[in-house]
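We did not get these values from a lab; they are worked out from the coordinates using the rules stated. Nothing here was measured: the structure is a model prediction, and the numbers come from that model. All Cβ positions, even for glycine, are placed from backbone atoms using ideal geometry, and neighbour counts span all protein chains on display.
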Amino acid sequence: MCLWMQSSFSTRASACISDNNQKEISTHTFNFMMIGLPLLAVFLPAAATVQGRLLIEASRDFPLGSEVENLALRPSGSVLATVYTSPPQGIYEVAPHQNSTPKLLYTFTNTTGACGITASPTEPDVFFVMTGNFSFDTLSPAPGSYAIHRLSFDKKCGDKPIVKKIAALGAIAQPNGITSVPKSSYLLIADSVGGFVYRFDTLTLQLTTYFDHPLLKPLPGPIRFGVNGVKLSRGYMYFSNTNQQIVARIKATGREETVPLTGNPETVATSTPVDDFIVNDLNGDVYLAEQDPINGIGLVSKNAYGSVPVTIASGPPLLGPTAAIWAKCAVGKTLLVSVTGGFEQFVTKNFTGGGKVVVVHLE
Ligand SMILES: *[C@@H]1O[C@H](CO)[C@@H](O)[C@H](O)[C@H]1NC(C)=O
Ligand SMILES: *[C@@H]1O[C@H](CO)[C@@H](O)[C@H](O)[C@H]1NC(C)=O
Ligand SMILES: *[C@@H]1O[C@H](CO)[C@@H](O)[C@H](O)[C@H]1NC(C)=O
């Protein structure tokens, strides 16, 4: 049975959006929010570039209490967002523009939430998503509750998602960031509690330790969050470590025959309350989702590796950002950011601001 009809909300994103079109969209999107400048600045001629001025757009709120955790891009340009809290956990689809409404596409059984999601390395419009029981009371995972699923879309059936569990991830204490390895059947998965990066083969379902290093480990304490995000870019594996407040990178392709990797990572960012992050594949700049007390986006440009990120946007609507990806055809230009609306809500249970998907136009 077809539960979900083809939605019209992503029609604008059906083709690559050129620079000119983006400007046009921006100027026709009223009611946007600006950080650090008067509204008039957006209406400057397209040729004018103004440093430190960003156009920020936000979707409508997810249901109150949603911990929006991770994002992946569909070929249409719309966004799949995972929600890690119940109710209603699962996969939402959000059009990447101001005031779009998050639509619940799928809810998983036998779990309290969906966390990491990544596009298949080989098949278009196919995704891998992890689920598991994470307690926002104790900020810790339920051992043995995690699993990985394959999500595809049935065009004949009004774009209904078809979801199949492919494996339990019982060996991983807390799966967090996930990224696909181009030209392979591999995914890399960060384990925040164990402090490892694993490699999962989506064909053989084999799980291998891919990297093990002190910079991946959590620190002792009540909230143990080591390696969080993991990305492949420019011949390196980049990773963030929330407890150690760093981003680092090590030479890697993801396709090595002999693993675990050996060697020492190079520090990319320090003293950062980092969650997940994204690399600009074209120039090596790194954009970080920075939690409290920054609640915004940090930037470490390629020539500043090893330093504290520069905050380029913060405050509402970027409260409690969890991850960032590039918008369609917009590497280096447009970030899509998942935000929780403020992380303290999951501790106090006083839910005042909903999660969102936020579009940050960098130019
Ligand atoms: C995870 O949560 C689901 C839904 O509440 C529950 O049915 C399941 O028993 C839990 N699994 C574990 C291992 O805690
Ligand atoms: C629930 O999920 C866990 C973890 O993936 C798995 O071990 C268990 O078999 C599942 N139970 C059901 C009823 O699907
Ligand atoms: C919940 O948060 C709101 C906004 O910060 C605040 O005004 C209100 O007093 C809080 N309620 C409780 C019960 O703490």
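Brief remarks follow.
- In range of the label at Lys165: residues from segment 112-134 whose backbone nitrogen is under 16 Å from the point 7 Å along Cα→Cβ: 112-115, 129-134
- Leu288 sits among other residues whose Cβ lies under 11 Å from its own Cβ, and their net charge, with Lys and Arg +1 and Asp and Glu -1, is -4.
- Dimensions in Å of the chain - Rg and Dmax from alpha carbons: 19.1, 56
- Loop-located trypsin sites (Lys or Arg not before Pro) in segment 245-352, at most 11 other Cβ atoms within 10 Å (DSSP): Lys349
- Local electrostatic count, Gly254, Cβ distance below 15 Å [Lys/Arg +1, Asp/Glu -1]: +3
- The residues packed around Leu215, meaning those with a beta-carbon under 11 Å from its beta-carbon, carry a net charge of 0 if Lys and Arg are +1 and Asp and Glu are -1.
- Helix-derived mean residue ellipticity, 222 nm - over the chain, DSSP H n ≥ 4, -39500 (n - 2.57), to 500: -1000 deg cm²/dmol
- Restricting segment 150-209 to trypsin sites (Lys or Arg not before Pro) that sit in a DSSP loop and have at most 11 other Cβ atoms within 10 Å of their own Cβ leaves Lys183.
- The chain: most fluctuating residue of Ala72, Ala304, Ala58 per GNM, C-alpha cutoff 10 Å: Ala304
- Length gained when the stretch Thr101-Gln245 is fully extended (0.36 nm per residue, less Cα-Cα span): 48.5 nm
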